[in-house]
Structures are given as structure tokens and as C-alpha cells.
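Asker: Quick one: this structure, given as C-alpha cells, is what I'll be asking you about.
The values are calculated or read from the model by the stated rules, or taken from the named source; none is laboratory data. This is a predicted model, so every value here is computed, not measured. Here the Cβ is made from the backbone with ideal geometry for all residues, glycine too, and neighbour counts use every protein chain on show. Keep in mind that these areas ignore ligands, DNA and RNA; they rest on the heavy atoms of the full protein, side chains included. Shrake-Rupley method; radii C 1.70, N 1.55, O 1.52, S 1.80 Å.
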Amino acid sequence: MSSPNFVNRTLFQGDNLKYLRLLESESVNLIATDPPFNKGRDFHATSTTPSSLQESKGGGSFIDRWSWDDNVQQVWLDELEDTNLMTAIRGVRDTHSNAMGAYLCYMAVRLLEMKRVLKNNGSIYLHCDLTASHYLKMIMDAVFGWDNFRNEIVWYYGGPAKLTDRFPRKHDVLLFYSKSKDVTFNHIYDDIPQYLYDRARKDPGTNRLWVDQRLGVTGETLEKLRAENRTFITKTGKERRKQYLDEMNGKPTNSVWSIPILNSQSKERKDAKGYPTQKPLALYKRIIEASSNPGDVVLDPFCGCATTLIAAEVTGRDWIGIDLWDEVYDTVEYRLVNMGTDLEGSSGLVKDKDMLPMFDLAKITKITDPSQVKNPYEGEPESPYQESIKRYKDAPKETWQKIPKPRMVEELAYNEQKAKNKDEAYCGGCGRSVYYKFMHLDHINPKADGGANDLSNRILLCPPCNNHKRDHRTIRGLWDYNKRNDWMYDEPLARAVREKAKQCSLRVKNDIEKNMGKLPPLNKGNA
């Protein structure tokens, strides 16, 4: 693994997918992020959502609404096609809505990248609410593997309750996944409960607080406790043990975290200039302390008002953040300057003229365009995002996926897409009919993008369309090219050929299953 192509305290401004694809693989220890939730409503602040969804209203606002037609990019669909991610997304479109499907497409391609940049012992915490948490868990299962799911953490934040026709909603969810079984994890303990302080006694001289506990030891261990003045005699003459509070841990933190939400008068909220979806620093400090160590790299690809980054700075971790918001630099700098002595011990502190600690803003690296990042994969045949979806393509091949190319041509030619002339077939790129033996067998999704080599991803193209498509266009990209260059003959027919090609692989698969795993002779008469 080579050294990262970024430095500590780097802020990237722009589409996080572009930057994620440039980051070195396995260069990040922890991802803790708070993406948009697909809440279907306006937020009156500055945006952390895709630029296509931004809307400026007197100081900035963002609209957390999604549309399949307006917001889903074709390249995402090409990447996800024929993967279990797309299977899950199609199910959500059927059971919920196209809007939720669009949101999951947006998240899926980014989560693939997040997994790639994580180190093998790294983790990700995805903050979500009831709007999309259960759908996002399906996507996370597909990307990271259901067996790498660690916890669903309930963040109970309390606050005033409105009485409606349901129980008041007072929690969000954090989905915690690891990249592998070899995961970094530090146990976190709750604060020692107040009732122990209330009943504690004080040692004269040291003023250390202690509570009495059952002795529970004998022999040399008991003698050692007595020598260290860690036992005492009760009024009834029983010997008991002193348990000093400064040596105690609270109870191990469980999966329900009670951390108050920030109110309008909170210093934290003022430091972030009133960002409406801002989360408390205590929430992200707990995440970072549990799943990373000092000096590790923490990434937030939806860093917004930078709570994750500030928590990383406070706890002695390196950090990088990405956000579309064009004021992200100002907010991070404003918060770091206003943290004051809270940053004591941070390597980013210097002394001002009065010798008071202050944060050195020169230590923040600002990146405003992907061209400023050295591409570590330049010149390689496949980019990182293509590698990141390979595992969906590498499953063992079944018999129907192994049929030879000449048989693929015949199956596709004699499928339902066959033209009126029995020896001709329609081109899937332009809709023209051509003698089927002159057709070229091509990939629907290019091999360079991880496209499968079996019948489910093959189509017949006429020679000009095959030349136009080459190895860098999808079929949909070829259609767009043909329309721009006046080569499209019959677009509805070309689209129908694409669908029939999909059906062909299913028919061949069923034929092989009916014939006990063998490929039956091609029955041209039934075509």
C-alpha cells in the first residue's frame, strides 16, 4: 500500500464522488458521516446535497428531495447494473418510490468508494433517520457484507414532544459496519453515575473519593489491599474494600446513546453559524474514540458544518473532509478559531501575541477542483471505482454463462428480436436489420467498466455501431451518440432489442435447467 495522496486537515470542496475516486485505496481508518436523508423537505441553511438539488434562498437552503429522472446519472446505473445493489434498489422502487430509489443510487456508488478507501481494519458509521435507515441498511449489507454489520446504534436525543397520532420521534440511527473481521474497536464507558458520588467517602490527606464494596479476596491479595490501605472495618466489625472512584470505569456503553440535541443557544451551534442539521460534538467524539486511535485518519465525505472534523481534531486524529457547500472552509475555520482552549494538545495550535493558544489556519489545505489532486491511478487500465464493483462480477459461472460466442450470436439472432427476413436480425444500437452473421457480438456494459462476459451482458450490433461503441460506451451511451450523429434509424426498436437481449439469457438459462444442465440444440423453427 502506497502512502496517501492527501495530507492531514485537507478540505475538498465539490462533488464527493469525484474526490473519493481519486483517494488512495486503503488510506482511511474511519468514516463517520451524516449524509442527506431523503426527507422530502426544505432545510433553510447552506447545502450538503448534490448541486442539482441546491436552491439559494437568502443565505442558502437545501432541498432534500430526489427524482429518478432528474437526479440519477446514467453512469451510476451502468456501474450498478446486474449487481445485487441494483436488485435491492429495484425492490425499493417497487415497494417505496422512485425518489427513494434515486437516493439509494446516489448513495450506493459513493458507498462503494468509501469501502475501497477504508483500510482493512477500518469502520464506517452512517448517520440516518427513520426516513431511509432500513433502506440504507440493505445497501450497506450489499456493499460491506451483512456479516460485517456491527451495530445499529440508537441516538436518543430527547427534547420537547408534540402530541400527535403516534409516539413522539426522538431518535436517529447510526449504522456501524466494519470492512473486515479484523476491526479496530476501543470499548467506551459511560460516566460514573452520580449516585456513587453522592454516597462516596473521602480519604483524609489525599481527598480521594471511594465507595465500599464486598471484599471478595483472600490470602496474598487481601494482604496487599491491607498494606495499601484499601480496606476498612465497618461499625459491625466486618472488613470491606475501598473502591476509589478515580480508578473506576462506568458501565460499558451499549447501543443506545443518550446525548442531548443542540438547542438554539448552544455554543456549538453558534460556532457553526446556526447550521440546522448540526449534530453534537459529543456524538462524533464517541464514534471516533471507539473506532480509531490517535494519529489515525478520519474521513467525512458529507462534512457539512464539520462536526466530525472538529471531533477528530479534539481527539488527536488526522482528518479530511469533503462537501459541496461553498462555505465549508469558512465554517471549519470559524469553528476551529472559536474552540479556544478546547483544542489544548492539538498539533494545530500555535501561540498568539499574548501567548494564548490559537489554531493555525495555515495548516488547513483547501482543494476546490479534482484536478488539484494527484491521480494515483493515472495510466492504469481500470480506475478505482471499476475495481470496487468487481466482486459483484466475480461469482462462479453457471453453464448458461459459459456458452461459446458463436452460440451467443445464434441465440441472440434467433431470439424474438429476429427481423422479417429469417437470416437477419435487428441492431441493438440503431434498429437497422442486418444479416445476422455480419453482426458483431458486443457488451451491453463495457468490460472496462466491469461488464460481465456472459449472455446476460451481450447484444448484436451492426458494424458501424460496434465501431462507434468501442470499449468505452454503454448501449445507452451509444444511443445518445447515434442520435447526435444522425445514425439512429429506429430508437424504439433498438431499445426493444436491448430488452429482448435480456430475455434471451433467461430463456437459455431455463432451457439448460430443463435439460439437466446441458445446452439443447438451437430450435430455429421456434424462433
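Asker: Could you name every one of the strands (runs of 3 or more DSSP E) located completely within region 341-428 that has at least 1 residues being among the small types (Gly, Ala, Ser) and modelled with pLDDT of 75 or more?
Answerer: Details: elements: 349-351, 357-359, 365-367, 424-426.
Counting at least 1 such residues, we get 424-426.
Asker: Looking at Leu136, Leu104, which one is without any contact (Cβ under 8 Å) to a residue 40 or more places away in the chain, out of contact with any strand residue (DSSP E or B) (no Cβ under 6 Å at 6 or more places or on another chain), of a type in the set (A, V, I, L, M) and crowded, with 19+ Cβ neighbours inside 10 Å?
Answerer: Selected residue: Leu104, the only one of Leu136, Leu104 that is without any contact (Cβ under 8 Å) to a residue 40 or more places away in the chain, out of contact with any strand residue (DSSP E or B) (no Cβ under 6 Å at 6 or more places or on another chain), of a type in the set (A, V, I, L, M) and crowded, with 19+ Cβ neighbours inside 10 Å.
Asker: Considering region 192-213 alone, what residues qualify as being loosely packed, with under 10 Cβ neighbours inside 10 Å and either closer than 30 Å to Ile288 by Cβ or in contact with a Lys or Arg (Cβ under 8 Å, 6 or more places away or on another chain) (or both)?
Answerer: Result: Gln194, Tyr195.
Asker: Still on this structure: Search region 50-107 for residues being more than 27 Å from Ile475 (Cα to Cα) and assigned to a loop (DSSP other than H, G, I, E, B), and hand back the single one that is modelled with the highest pLDDT.
Answerer: The qualifying residue modelled with the highest pLDDT is His96.
Asker: Given the conditions (1) under 26 Å from Lys251 (Cβ atoms); (2) over 49 Å from the mean Cα position of the chain (by Cα), which single one is not true for Arg208?
Answerer: Result: Arg208 fails condition (2) only.
Asker: Looking only at residues that are charged (D, E, K, R) and assigned to a loop (DSSP other than H, G, I, E, B) in region 130-165, which one is modelled with the highest pLDDT?
Answerer: My answer is Asp165.
Asker: Please count how many residues of region 314-331 are outside any strand (DSSP E or B) and either β-branched (Val, Ile, Thr) or open to solvent by less than 10 Å² (accessible area, probe 1.4 Å) (or both).
Answerer: Residues that pass the stated criteria total 4.
Asker: State which residue pairs qualify: first residue under 19 Å from Met248 (Cβ atoms) and inside region 212-235, second residue exposed (fewer than 13 other Cβ atoms within 10 Å of the Cβ) and polar (S, T, N, Q) in any location, beta carbons under 9 Å apart, and separation of 6 or more residues or different chains.
Answerer: That search, which allows pairs on different chains as well, returns Asp212/Thr234.
Asker: Among the candidates Pro260, Pro168, which residue alone is in a loop (DSSP other than H, G, I, E, B) and either closer than 30 Å to Tyr334 by Cα or in contact with a Cys (Cβ under 8 Å, 6 or more places away or on another chain) (or both)?
Answerer: Step by step, each of Pro260, Pro168 is checked, and only Pro260 is in a loop (DSSP other than H, G, I, E, B) and either closer than 30 Å to Tyr334 by Cα or in contact with a Cys (Cβ under 8 Å, 6 or more places away or on another chain) (or both).
Asker: Mind telling me which of the residues Ile188, Ile124, Ile139 ends up being under 21 Å from Trp319 (Cβ atoms), β-branched (Val, Ile, Thr) and within 15 Å of the chain's Cα centre (by Cα)?
Answerer: Ile124
Asker: Going by what's in this entry, would Trp257 be described as more than 30 Å from Tyr157 (Cβ to Cβ), surrounded by 16 or more Cβ atoms within 10 Å (Cβ to Cβ) and in contact with a strand residue (DSSP E or B) (Cβ under 8 Å, 6 or more places away or on another chain)?
Answerer: Working: more than 30 Å from Tyr157 (Cβ to Cβ): no; surrounded by 16 or more Cβ atoms within 10 Å (Cβ to Cβ): yes; in contact with a strand residue (DSSP E or B) (Cβ under 8 Å, 6 or more places away or on another chain): yes.
Considered against the rule, which asks whether it is more than 30 Å from Tyr157 (Cβ to Cβ), surrounded by 16 or more Cβ atoms within 10 Å (Cβ to Cβ) and in contact with a strand residue (DSSP E or B) (Cβ under 8 Å, 6 or more places away or on another chain), Trp257 comes out as no.
Asker: While we're here: For the structure I just gave you, tell me whether Leu174 is touching a residue at least 24 places away in the same chain (Cβ under 8 Å), open to solvent by less than 40 Å² (accessible area, probe 1.4 Å) and touching a strand residue (DSSP E or B) at 6+ places or on another chain (Cβ under 7 Å).
Answerer: The answer is yes for Leu174.
Asker: If you check Ser2, Ser25, which single one turns out to be polar (S, T, N, Q), at pLDDT 80 or above and part of a loop (DSSP other than H, G, I, E, B)?
Answerer: None of the others qualify; the one that does is Ser25.
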